[in-house]
Amino acid sequence: MNENVPTNLAIDAKDLTKRYSEDVLAVDGVNLSIPANIIYALLGPNGAGKTTTISMLTTLIKPSGGSAKVTGLDVVKQADEVRHKIGVTFQEIVLDPDLTGRESLDFHGRLYNLSKSQRQAKIDELLNLVELEEAADRRTNTYSGGMKRRLELARGLMTEPEVLFLDEPTQGLDPQNRTNIWEYIRNLKEKQGMTLLLTTHYMDEAEALADRVAILDYGRIVVEGTPQELVNQMGAEVFLISGEGNQDEFINRVQALSFVKEAISSNGMIQISVGSGASRLIEIIKTAQETSFNVEDVSVSKPSLGDVFLKHTGRQLRDK
Ligand SMILES: Nc1ncnc2c1ncn2[C@@H]1O[C@H](COP(=O)(O)OP(=O)(O)O)[C@@H](O)[C@H]1O
Ligand SMILES: [Mg+2]
């Protein structure tokens, strides 16, 4: 493809790389082609390189290699222009505890040279959006975790961004607050036409929100697609089996069963994906009985992005 042909991609990263030191290659050649007006999730465990990727895309740190464009603008050569097109909220909340919610938003608007009337209008609109009107004139150190997150979200929206970056937007929130934030995020896409790139280590968050997801591990994208596509690769059901005995023999025998899509071992557990809808557990147990493997515990589930992660990395993506 000709590099000079303009694209409509909201985010276009090629071979994006960040090396912090000789030992730490945090982002290792990430490619992203994210069209406008979708919710895109970078899903991965702690240390996968999610925050570092977002930091490069939002011009906060410079890549060590590769390139990236946001709304067609180069994040290194046109960093100032990029900053005016985007909003960003970070994982670590950086609210000034001595300011009220309203003052925090106002301060942010001043940083971006919004006029007083622009700020006032925007602040009222956003406080309404994230339902913080009543708490607006209280200092943020009286806010709950969920309120702080909502204020952070409002702050990221002060500048009417085309692309909003959200680093772990629901980290540490209770389920009620999480689903609220999800609702705001969906609204930003649907009602305001925004493009959203969020990072998360919660697989259910990626499944619930994202139009497309990239699973990141050790700084690399291991697999990318719509959540449905990724989950469909796993078959109809996934069994997680623990037990004692010769795992390899059991896995080999199970793999030979026609309805088994995949059987792998990880952290002492055996993950078996089966293709057909009907549960095939009895046949799997029977197969174990023919070997020297004793099944002790079985869980059956519909495949999730966690199973996709396990399949591609051989490790569990802990939902914590
Ligand atoms: N400023 C930094 N200096 C050195 N190493 C860093 C720095 N920030 C992050 N890292 C390392 O880079 C890797 C990726 O980190 P990060 O991007 O924060 O991952 P994630 O957000 O997915 O948890 C980790 O090994 C982390 O320890
Ligand atoms: Mg992070």
Point to revise | Theoretical FRET efficiency, 1/(1+(r/R0)^6), r = Cβ-Cβ of GLU229 and ALA36, R0 25 Å, to 0.05 | key: 0.80
Check your understanding: Where a Cα-Cα gap under 15 Å defines reach, which aspartates and glutamates qualify for LYS18, not counting those fewer than 8 residues away within the same chain?
Key -> ASP28, ASP217
Study note, to complete from the structure: Rounded to the nearest 0.05, FRET efficiency between GLN255 and VAL222 (Cβ-Cβ, R0 25 Å) equals 0.70
Review point. Quick one: if you stick a label point 7 Å off each Cα along the C-beta vector at ASP23 and SER64, how many nm between them?
Key: 1.3 nm
**Study point:** Size-normalised alpha-carbon gyration radius of the chain, reference 2.2 N^0.38 Å
**Key:** 1.15
Practice item. At 37 °C and 0.692 mPa s, grab the translational diffusion coefficient of the stretch 138-196 from Stokes-Einstein with a Kirkwood Rh over Cα pairs, rounded to a whole number in µm² per second. Key: 273 µm²/s
**Study point:** For the stretch 237-246, Karplus couplings with θ = phi - 60° (6.51, -1.76, 1.60), whole Hz, Gly/Pro x
**Key:** 9, 10, 9, 10, 10, 10, x, 10, x, 7
Revision key, fill the gap. If each K or R counts +1 and each D or E counts -1, the residues other than GLN247 whose Cβ falls under 13 Å of its Cβ total -3
Check your understanding: In terms of Cα to Cα distance under 20 Å, which aspartates and glutamates are near enough to LYS191, apart from those fewer than 8 places away along the same chain?
Key -> ASP124, GLU125, GLU131, GLU152, GLU160, GLU162, GLU183, ASP211
Point to revise | Cα principal axis extents for the stretch 170-320, largest first, Å | key: 59, 30, 28
Review point. Given a cut-off of 13 Å, what percent of all Cα-Cα pairs of the stretch 235-302 lie beyond it?
Key: 57 percent
Study note, to complete from the structure: Computed over the stretch 235-302, the relative contact order (Cα-Cα under 8 Å, seq sep at least six) in percent reads 50 percent
Review point. Rounded to the nearest 0.05, what FRET efficiency do TYR112 and SER301 have when you use their Cβ-Cβ distance and R0 = 56 Å?
Key: 0.75
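Coordinate-derived values only; no laboratory data. This is a predicted model, so every value here is computed, not measured. Heads up, the Cβs are rebuilt from the backbone with ideal geometry, glycines too, and the neighbour counts pull from every protein chain shown.
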